[in-house]
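Below you'll find the structure, written out as structure tokens, and then a few comments.
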Amino acid sequence: MIYIPIGAASTEAALEKMERAAPLADLLELRIDRIGHPDLERLLRQPRPPVIVTNRRREEGGAFAGAEDDRIARLAEAARLGADYLDIEVATAPALKATLREACAASGTKRIASWHDVGETPSAEILQRWLSEAVCGSPAIVKMVALARKPSDNLRMLELIPW
């Protein structure tokens, strides 16, 4: 499967990128944390390829600088407007995750539970804990991202596959 992330300075620029990427990708990831004042209604209008909507927190490598309630509200709006997937950080507060679970259940949007460590690859024990926390909410997909500095970091991530 090929997916292409879409980030841009404006909705117009993002729509142009989506149009160019659509024939090349099975899935697009709308990085609304990187799109200045995203017009979700226009960005999610059909026809389009399947879309993941991401509104990444700064702590996990994103660009969203507003209040956490606002970040979650934008994701919930994306679900209501027909996003195929929402990328939801496992570290999101439980009550806010519940809000997104409800929005996804009402719209049929699938959830991606994600963890990001942009500074290192944690120990095997920490990775196992992250994975356990991620699968608790029964998401459609679990995504774990870490910075690999040496080949053994990659192997530590790969050891999670049989889990």
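The values are calculated or read from the model by the stated rules, or taken from the named source; none is laboratory data. Because the structure is predicted, anything quoted here is derived from the model rather than measured. Here Cβ is always computed from backbone atoms with ideal geometry, including for glycine, and neighbour counts include all displayed protein chains. Keep in mind that these areas ignore ligands, DNA and RNA; they rest on the heavy atoms of the full protein, side chains included. Shrake-Rupley method; radii C 1.70, N 1.55, O 1.52, S 1.80 Å.
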task: Would you mind getting the accessible area per residue of the chain, heavy atoms of the protein chains only, 1.4 Å probe, in Å²?
output: 53
Estimated 222 nm signal from helices in the chain, with DSSP H stretches of n ≥ 4 weighted -39500 (n - 2.57), rounded to 500: -11500 deg cm²/dmol
- prompt: Where does each of H37, H116 land when they are ordered by accessible area, with a 1.4 Å probe and the largest first?
  reply: H37, H116
statement: Mean projected area, convex hull of alpha-carbon positions in segment 76-122, reported to one decimal in nm², is 3.6
- request: Working with all protein chains in place, sort I2, I52 by solvent-accessible area computed with a 1.4 Å probe, largest first.
  value: I2, I52
query: When the accessible area of the chain is split by element with a 1.4 Å probe, what percent falls to carbon and sulfur?
result: 55
Per-pair calculated FRET efficiency, R0 = 41 Å: S10 and E133 via Cβ, rounded to 0.05: 0.70
message: Calculate log10 I(q)/I(0) of the chain for q = 0.12, 0.15, 0.19 Å⁻¹, where I(q) comes from the Debye formula with a single equal point scatterer on each Cα and nothing for solvent.
response: -0.54, -0.83, -1.25
field: Where only alpha carbons of segment 76-163 are counted, the Rg and the Dmax (Å)
entry: 14.3, 43
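What longest region of the chain stays clear of trypsin sites (Lys or Arg not before Pro) that DSSP places outside H, G, I, E and B and that have at most 16 other Cβ atoms within 10 Å?
Between exposed loop sites, the widest span is 46-148.
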